[in-house]
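*Asks:* Pasting a structure below so you can have a look.
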Amino acid sequence: MFVTMMMTDHMLDLPLTLSNEVPMMHHMINSDAPQQVILVQVNPGETFTIRTEDGALQCIQGPAEVPMMSPNGSIPPIHVPPGYVSQVLEDNTGVRRVVVTPHSECFPPSYSPAMSPSHHIHPPYLTHPHFIPASHTSYYPPVSPGDVSQHQFYQHRLPPIYPEEIIPLYNVSTFMGHEEYCKPPPKKLKQPVERTGLSQVSSSSLSSSYKNSTACTTTANGHGKSHSSSGGGGSPGNKRPDRRARGSPKHTDTEPQDHDVDTRRVQAVPSGMDKPQVFNVQSHSALVSWTSVFLSGSSGRVPSCSYELQLKDKGRDGKYKVVYSGEELQYTLTDLRPATDYHIRVSSVCNSVKGPSSDARAFTTQGAPPETPLPPRLSHRTKSSLTLQWKPPVDNGSKITNYVLEWDEGKKNSIFREYYVGHQRHCKVMRLCPAVGYTFRVAALNDIGTSGFSTEVVFYTTGSLPQISLPPRLIKAGPSWVTLEWTRPNSCSAEEVVTYTLEMQDETKGLDFQEVYSGLELNCKLESLRRNTQYKFRLITCSGEWRSAASSLLVCKTTPDRPGPPVNPAVNAVTYHSFCVTWEPPQDDGGSGDLTYVLEMSEGKSEAERQWVTRYRGPERKHLCEDVKPATSYSLRLSCVDVGGQSQCSDDLTVRTHIPPPGRCRPPRITGDVKHKELTLQWDGPVCGEESEGVEFSLEMCAIEEASEPEEVYRGSKTECTVGSLLPGTTYRFQVRAANSVGYGPYSESVEISTAAGPPGQCSPPAINVTSYNCADVTWENNESSGIDISEYRLDWGRDLDSLEMVYSGLETYFQISNLEASTNYCCRLQAVNQAGAGPYSDLVTCRTPAAVPGVVSGVHLLDLTPTPTESEPFSPSTCLALTWDEPHCNGAEITSYSISMGDDIITTQNATCHIIRDLLPDSEYSLQIRAENEMGPGPFSQTLTVRTRPLPPFPPQLECAAVGPQSLKLRWGFSSRSQLNNDTAYILQMEDRNQRFVVVYRGPSHTFKLQRLSESSRYRFRIQAVSEAGEGPFSETYTFSTTKSLPQTLKAPKIVRLEGNTCEVTWESIPPMRGDRISYVLQVLGGRESDFKQVYKGDETSFQLSGLQWNTDYRVRVFACRRCADTHQELFGSFSPSAHFNLRRSDATLAVEADVTRVPMGKTLTDEQFAGLIVFGVASLSVLMAFLLQLLI
C-alpha cells in the first residue's frame, strides 16, 4: 500500500482546522498500545489524497493534520512532486509528523529526519476509526480529559478509515476538466464541539509545533528568526497565503501526463441510476424527478454530485440533448410540443467522474388546441366577391374539425364578425362593394379547443375608387344642438342630383356610426344632444351612379349650460365672532364639472339698503366667516359660475352671531339657618355687567372629607338655590358660574360650608339565628349617633320588602321572633332613632327557616272515571275506586310519597295526587284517609272519606237474526242475566266497518233493530253490550250474519215486429250482470184458446223469432229475467213483465199489436185488466157528474 501527497496551485476554500475536530481516543494513542499514530500534515493550498481498496478516492484539503495508524510503528512512504521532500519530525512528547516541504526549507533543531523520500514500507497503514470526519449532522463526542494525557490529546476533522496507498499526483488539471475543477466544493454544516481545558492546551501545543514545521528558522541565543516573509501560514491564527488563479499550477515544473490514467483509476466511480420518473405531463411541460446516485468504491461519505438530464424526441435512434445540469433531484421540462413522444434519461457526475446514463423513460405530451394558422391568401376577386384560401396549421394531436373566418364588413372599426364556419379551407365572400378594402382573419378548431386568430389581412375588391367627400364644418354649437354645413363636390354637374348622408358617433352608445340626416340640403341642425359632450361626424355623398367613401371625421363638442344655484345652504359652528357656511352642489351643474362658488354676505338691514359683499370665491363647498360682529344678523346668498355662465342666487340665508360668554360671578353665601341635610345659598350675577337676559347659573358642590369629584346641583336663571340630601356634620365646597347661549363663563371663587348635626347614621345589618322552623333570634350592635344618643331601635320583619312590618321598638339589641312558617324566606332591617330624627335603614338581611313534615292533605274526593277497556288493569267501578286530592304544602322538602289508610291496610303510592285502588268488593263501603310524606317524615292524616263501590254491570244478551233480506238484516236479542228485573237497562249494538273497527249502530232499551241499505250477499259482524246503572257490561262474542242475493228486476213489455209470412220477432230490454252473475231471459207465449203460458225460449239473447203462428189468432207474450249464481249454481227468477198482445190477419198488410190496457177487440170477452180499467173510468165519471150537480145546487 502506497501513500501519496497531491499538491496543486489551485486555491480552494479551506475548512476551519483544529476547531470542529473530534478528539483522539486515548486507548489508541497511548504509548502502551501496540499501534502507533502518525500525523500527516497538509499545508494550505495542498490536497492529501487517499485511495481505498475498492477504488474510492478521498481528498483532504489543507491546512489539516491527518492521523495515520501504523500497526507496527513504521512510517508509510510518501511520494511527493518534484521540488518537494517529505520529512518525519518528532517533538518532545514523542509524536512524529510527516511534513512535505520544498527543498529550500530547513528543519528546526528540535526535529531530525527519520526516513528518506524513497523509503518504502509494505505493511498496511490504517487510519484510526475515531478519526472519521463527521457528516453535516453528526459528530463524534469528545472523550473525557482525565483519560488522556496532555501531550497525547488532539482534535482533528479526519477522513474515513480505509487501507490506503499514497500515489503521486502532480497535476490535478490533467485528471479533472477545468470547469468541473473550478466548481467550489459544497458547503458543509459545521457544529462546534465542546472543549475542555486539557484540549485547549493540546491544541495550542500542536499549533505551535505546526508553525515550526512549516517555516525555515535558525536559532541564536535561544530565539528563532524566520526566513520566510509569510510566517508560519499553516496555523488557523495566521494569515492565508495569497491565492492564485484557479486551475493554474503552483510551481513552474509541469507534471508528466502519464499519471492521468492512474488518477482516473483511483477516483470514486458513480453507479448506474434508475429510470427517471415523469409526473404532471401537460401539453407543453412535464415534471421529471430521479433518485440520488450511489457511489461504488465509497463507504460512508458521499461527495458532491451533479446530474445531467438528457432529452430526445426523434425515437430511440435520435440524439439526446442535455436540458438540465445541476444538483437538484427534479426538473420541470418546458417548451415541449403537444402530442409528441419523448425519451429522457439521467446521468450523474461525481468528483468530475461521469457515471453511466440510466435507462430511457418514454412519455407522450398531451394534445392541445391547433397552432395559430397563417393569414388567408387571396385566390380570386371581382367587384362584388373575394375568394380566400388558407393552409391548415399544426393540429397538436387532435384533428382539425372546423375553421372560423371573420371579417370587419369593410367598416375599419376593428370589430370582427363571423362569416364562415366549416371544414373547408377556402371561402368565397359575396355581395361586396367595389374598390373597398375588407379585413379578414382565420382560426382553427379541434376537439380540445380553438387556436388563436391569424394576423389580420386586407383585400380589396376590383373597380374604381369612389370619391371621398369633404368633411362637414361646424357653424355653431349650443348646449343641446349643433349646426353643420358641407360643400357640394366639384366633380358633380349642376343637373346631377346629389344626396348627402350625415352619420354621427356617440361614444356613450357605442362605436358604430348612426345616420342622423339624409337629404339634398348643404346644412343640417342636430338637436336633442347632450350638453358638454363630444360627437364625431362624417359625410357620405351619393348620386345615382356612385357613392363616395366616408369623409374624414369632424369632432365637435356641445357647450356647457348655465348651472343651477347651490342647494341646501346651512350655517353651523356659530360663535360670537365667526360661523361656518356649507352647501351642496347644484342639482344641474350645466354639464361641466368645474364649478366656482360665490358666497355673498350683507349685514342685517332692510332689503332695500342691503349691500352684498363677496366673502368667498372658489371650488370648495364650505367657508368659515370670521371677524364678524357679535349679536348681529347677517344675510347670505350663494351662486356658482362655470363656462356656461353664472347661475341664479340661492335663497337668502339669515344667521345671527352669538353674544359673548358671561364674566365671573361672586362666590355663593348662606341664607337662613344651616340644617343637617340642606343649605340655602345665594349669589350675585357676573361682575362685568353684561345683559342678564337669557343667563343661566350652574352651581357645583363637592364633599371635602370624601375628596369626591364636583357635581352640578343646580342649573337655572335664579340666583338662589336650596341644596338637599346632604350628610350631617359634613363640610362642602361650593362654586358657581354663569352661562348664556354662547357657553359658560369662568367659575367663581369657592366657599366651604358645614352642615349641622343630624339623625343617626345607617345601622349595621342585624344577625339572624334560626333556631327552629318556626322560631328565629335577631341581634345587632349598638350604633354610634351623630352627636346625639340613640333613643330607640326599630326592627322591621316580613317575607319580602313590601310586607315588612315593625315587630320591635326599644333600646335592646336582641329580639326573638316566633310563629314562623317552615321553609319560608324572611327578611328584616334595622333603624336607629335619636332626637334629631330617624336614621336610614340598614341593609336588608334575609334568612330561610328549615323544612318540616308536609301539611294536611285536603280536597280528597272520588274521581268518576268512565270504564275504558285496556290491555292491562282495566278500570271497573265495581271493583276499583279512583281517588284524587290536592297537593299539601311541602314545607320546604319535596313530597316523596302518599299513604292511604283503608281500615287496617296502608297503601303507599308515588308522588302523585291520584290513585286507583283495585281488587275491591262490589257494592261495598270503605273509609279512607290520606297523608303525605317527605324526607322530614310523614304528615298528619286527612279527614275520613267514606265511599262505596258500584254493583257488577250486566252480561251481554244472546244476539239472533230474525229476518234476512238482500239489503237488510233484522236482529233481536233477549234480556241480560243481571238486568231482567231492571227496566233502565240499555243495549249498545256495534257493527264492524270496512276498516275492521266496530261502530255503534244502535243504542237504546229495545230488543230488536233492523239494518237497512246493506249490500247483497255480504257478511257483517256484530257484537252487543248491556249498560245499566252499575256500568257498562262486557261485549258479547262476535256474531256474523249475511244478506241474501237480489232478484232480477222486472222487464218492460216486449216488442213484436212482423216478419214475412206468419213469423214475428219479439225483442225486450237487457239487464247488465249482477255482481258477476250472468242474466238469462225466459219468453212465454199464450195463444188462441190456451189458458196457460208456454215457455218458448230461454237464453242470453234479447230477441226471439216466433214462426208457425196461426192467422187471425190473438197471442200474448211476456218475458222475465233469470239470475244464474256462479257460486251456488242457483237460479233466481224475477217477476213477469207486462204481456204484449198481437194478432196476425191475412188481409192486413201490417201486424196489429195492442196492449191490454189500451185497446180491447169488439166481440171478445174483457180481461181482468180491461175490466178494472172500465170500473175506474166509470167511478171517475160518476164523481165528476156528482160534483157538477152539487155545484149547481149550491
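The values are calculated or read from the model by the stated rules, or taken from the named source; none is laboratory data. Bear in mind the structure is a predicted one, so any value in this text is a computation, not a measurement. With ideal geometry, Cβ positions are generated from the backbone for all residues, glycine too; neighbour counts draw on all protein chains shown. Surface areas here come from the heavy atoms of the whole protein model, side chains and all, with no ligands, DNA or RNA. Shrake-Rupley method; radii C 1.70, N 1.55, O 1.52, S 1.80 Å.
*Asks:* Quick check on Asp408: is it within 56 Å of the chain's Cα centre (by Cα) and more than 27 Å from Ala549 (Cα to Cα)?
*Replies:* No, not satisfied.
*Asks:* Quick check: anything in segment 695-717 open to solvent by less than 60 Å² (accessible area, probe 1.4 Å) and of a type in the set (D, E, K, R)?
*Replies:* Looking through segment 695-717, at least one residue is open to solvent by less than 60 Å² (accessible area, probe 1.4 Å) and of a type in the set (D, E, K, R).
*Asks:* Hey, any hits in segment 804-822 for a residue that's farther than 30 Å from Gln682 by Cβ, under 60 Å from the mean Cα position of the chain (by Cα) and modelled with pLDDT of 90 or more?
*Replies:* For segment 804-822, residues farther than 30 Å from Gln682 by Cβ, under 60 Å from the mean Cα position of the chain (by Cα) and modelled with pLDDT of 90 or more: present.
*Asks:* Now, a different point. If I ask for residues that are assigned to a loop (DSSP other than H, G, I, E, B), within 30 Å of Ala477 (Cβ to Cβ) and either open to solvent by 10 Å² or more (accessible area, probe 1.4 Å) or aliphatic (A, V, I, L, M) (or both), which ones from segment 643-668 would you list?
*Replies:* Val643, Gly644, Gln648, Cys649, Ser650
*Asks:* Can you pull out every residue in segment 504-537 that is more than 17 Å from Lys411 (Cα to Cα) and in a loop (DSSP other than H, G, I, E, B)?
*Replies:* Listed by number, the residues that qualify are Thr508, Lys509, Leu520, Glu521, Leu522, Glu527, Ser528, Leu529, Arg530, Arg531, Asn532, Thr533.
*Asks:* Within segment 890-938, count every residue that is farther than 27 Å from Asp864 by Cβ and in contact (Cβ under 8 Å) with a residue 40 or more places away in the chain.
*Replies:* Residues flagged as farther than 27 Å from Asp864 by Cβ and in contact (Cβ under 8 Å) with a residue 40 or more places away in the chain within segment 890-938 amount to 11.
*Asks:* Under 7 Å between Cβ atoms, at least 6 apart or on separate chains: pull out the pairs that start in segment 521-542 with a residue that is touching a residue at least 24 places away in the same chain (Cβ under 8 Å) and under 12 Å from Met504 (Cα atoms) and end on any residue that is assigned to a loop (DSSP other than H, G, I, E, B) and among the acidic types (Asp, Glu).
*Replies:* Hits for this filter: Tyr535/Asp506.
Yes/no matrix, rows are residues, columns are (1) crowded, with 20+ Cβ neighbours inside 10 Å; (2) assigned to a loop (DSSP other than H, G, I, E, B):
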| residue | (1), (2) |
| --- | --- |
| Gln831 | yes, no |
| Phe875 | no, yes |
| Ser878 | no, yes |
| His889 | no, yes |
| Tyr898 | yes, no |
| Thr908 | no, no |
| Pro922 | no, yes |
| Ala932 | yes, no |
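*Asks:* What residue, among those in segment 630-642 that are under 21 Å from Pro660 (Cα atoms) and not in a loop (DSSP other than H, G, I, E, B), is most open to solvent (accessible area, probe 1.4 Å)?
*Replies:* Ser633
*Asks:* Given the structure, is Arg381 buried (at least 16 other Cβ atoms within 10 Å of the Cβ) and closer than 30 Å to Thr291 by Cβ?
*Replies:* No, not satisfied.
*Asks:* Checking Pro471 against (1) assigned to a strand (DSSP E or B); (2) surrounded by 15 or more Cβ atoms within 10 Å (Cβ to Cβ), which single condition isn't satisfied?
*Replies:* Answer for Pro471: the failing condition is (1).
*Asks:* Only one of (1) part of a loop (DSSP other than H, G, I, E, B); (2) farther than 14 Å from Leu679 by Cβ is not met by Leu727, so which one is it?
*Replies:* Every listed condition holds for Leu727 apart from (2).
*Asks:* While we're here: I'd like the residue in segment 846-867 that is among the hydrophobic types (A, V, I, L, M, F, W, C) and in a loop (DSSP other than H, G, I, E, B) and, out of all such residues, is farthest from the chain's Cα centre (by Cα).
*Replies:* Val856
*Asks:* Give me the residue from segment 1053-1062 that is modelled with pLDDT of 90 or more and in a loop (DSSP other than H, G, I, E, B) and, out of that set, surrounded by the most Cβ atoms within 10 Å (Cβ to Cβ).
*Replies:* Pro1054
*Asks:* When both residues are 6+ apart or on different chains and their Cβ atoms are under 7 Å apart, which pairs have a first residue that lies in segment 801-820 and is part of a loop (DSSP other than H, G, I, E, B), and a second that is open to solvent by 100 Å² or more (accessible area, probe 1.4 Å) and polar (S, T, N, Q)?
*Replies:* Pairs found: Thr813/Asn782.
*Asks:* Going by what's in this entry, would Ser551 be described as touching a Leu at 6+ places or on another chain (Cβ under 7 Å), open to solvent by less than 50 Å² (accessible area, probe 1.4 Å), in contact (Cβ under 8 Å) with a residue 12 or more places away in the chain and not in a strand (DSSP E or B)?
*Replies:* So Ser551 passes the test.
*Asks:* Restricting attention to segment 437-453, and to residues there that are surrounded by fewer than 19 Cβ atoms within 10 Å (Cβ to Cβ) and within 28 Å of Ala550 (Cα to Cα), which single residue is modelled with the highest pLDDT?
*Replies:* Thr439
*Asks:* Moving on to the next point. Provide a single number: the residues in segment 384-396 that are part of a loop (DSSP other than H, G, I, E, B), without any contact (Cβ under 8 Å) to a residue 60 or more places away in the chain and not β-branched (Val, Ile, Thr).
*Replies:* Residues meeting the conditions: 4.
*Asks:* Could I ask something else about it? For segment 549-587, which residues satisfy the criterion of being farther than 19 Å from Tyr634 by Cα and of a type in the set (S, T, N, Q)?
*Replies:* Once the filter is applied, which keeps residues that are farther than 19 Å from Tyr634 by Cα and of a type in the set (S, T, N, Q), segment 549-587 yields Ser551, Ser552, Thr558, Thr559, Gln587.
*Asks:* Looking only at residues that are in a loop (DSSP other than H, G, I, E, B) and either surrounded by 18 or more Cβ atoms within 10 Å (Cβ to Cβ) or of a type in the set (Phe, Trp, Tyr) (or both) in segment 331-351, which one is farthest from the chain's Cα centre (by Cα)?
*Replies:* My answer is Asn351.
*Asks:* For segment 814-829, which residues satisfy the criterion of being hydroxyl-bearing (Ser, Thr, Tyr) and open to solvent by less than 50 Å² (accessible area, probe 1.4 Å)?
*Replies:* Correct list: Ser823, Thr824, Tyr826.
*Asks:* Here is a check on your reading of the model: is Gly1099 of a type outside the set (D, E, K, R), at pLDDT below 90 and surrounded by fewer than 17 Cβ atoms within 10 Å (Cβ to Cβ)?
*Replies:* No, not satisfied.
*Asks:* Whether any residue in segment 1067-1075 is in a loop (DSSP other than H, G, I, E, B), touching a residue at least 24 places away in the same chain (Cβ under 8 Å), open to solvent by 40 Å² or more (accessible area, probe 1.4 Å) and among the aromatic types (Phe, Trp, Tyr) is what I want to check.
*Replies:* Taking every residue of segment 1067-1075 in turn, none turns out to be in a loop (DSSP other than H, G, I, E, B), touching a residue at least 24 places away in the same chain (Cβ under 8 Å), open to solvent by 40 Å² or more (accessible area, probe 1.4 Å) and among the aromatic types (Phe, Trp, Tyr).
*Asks:* Let me ask something else. Report the residue count in segment 938-954 for those that are surrounded by 14 or more Cβ atoms within 10 Å (Cβ to Cβ) and in a loop (DSSP other than H, G, I, E, B).
*Replies:* Of the residues in segment 938-954, 9 are surrounded by 14 or more Cβ atoms within 10 Å (Cβ to Cβ) and in a loop (DSSP other than H, G, I, E, B).
*Asks:* Just need a number here: residues in segment 454-468 that are in a strand (DSSP E or B) and either open to solvent by less than 80 Å² (accessible area, probe 1.4 Å) or over 30 Å from Lys525 (Cβ atoms) (or both).
*Replies:* Matching residues across segment 454-468 total 4.
*Asks:* Taking the conditions exactly as written (open to solvent by 20 Å² or more (accessible area, probe 1.4 Å), of a type outside the set (A, V, I, L, M, F, W, C) and part of a strand (DSSP E or B)), does Tyr1020 satisfy them or not?
*Replies:* yes
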